[in-house]
Structures are given as C-alpha cells and as structure tokens.
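Okay, structure first, notes after.
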Amino acid sequence: MQLEHPRLGTVQYQPGEPISFPQGLLGFIHLKGYLLIRNEDTEPFVWLVSVDDPLASFLMVNPLLFCPDYNPTITKRDLTELSMSTPQSLLMYS
C-alpha cells in the first residue's frame, strides 16, 4: 500500500503497519489509522501521518530529548486501554 504526502513524497507501507486510534485523535475523530514515519531530514522529529488523509500529519518528538526528567503518570487503566503490560513498552511523543 502507499500514500502521497506533500513533504515526504510517496510512502510505502504494509496493511498491518498503521497504528489504530479507535477513538481518533482530538479534532480528528474520523481518522483512525496513522503511520509513524522517520525521516532523516527531520530527525529527531518523526511524523504521525493519517492513512485516510495524509494532509492530517503531525510532527512529533520524544520529550525525553528535551526534558530528561519528564515522567508522565500512566495508570493501569491507561495500560489496559492500550493493551500494554508496562509503561516501558510504550513509545512517548509530544
């Protein structure tokens, strides 16, 4: 599969690769699937790009690069909703 992005060009991806946000993102509740794309030109930033509408894309960064003491509270309920067992298994971006 592929999508066309105005800055990243043609992006190839596999059907199981998009990250699913079943409830959508705030302001984009109708868009459920996103790709996490790393690009040499924008490192250490990464792109979160909607597979349904590639114009809906967000530039993100790992907050620990700028605030090493950043330590958000992640509850057991959060982990259950994400189907994860430990906070260490999560990727964190702002």
Q | Filter result for the condition that a residue is touching a residue at least 12 places away in the same chain (Cβ under 8 Å) and over 16 Å from the mean Cα position of the chain (by Cα), over P72, P44 | A | P72
Q. Tell me, which strands (runs of 3 or more DSSP E) wholly within the stretch 1-80 include 1 or more residues that are among the acidic types (D, E) and at pLDDT 95 or above?
A. 2-5
**Q.** Restricting the stretch 79-94 to residues that are over 28 Å from E43 (Cβ atoms) and not polar (S, T, N, Q), the residue that is most open to solvent (accessible area, probe 1.4 Å)
**A.** E81
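The values are calculated or read from the model by the stated rules, or taken from the named source; none is laboratory data. Worth saying up front: this structure is predicted, and the values here are computed from it rather than measured. Counting neighbours? That spans all protein chains shown, and the Cβs are built from the backbone with ideal geometry, glycine included. Just the protein is used for accessible areas: all its heavy atoms, side chains included, with ligands, DNA and RNA removed. Shrake-Rupley method; radii C 1.70, N 1.55, O 1.52, S 1.80 Å.
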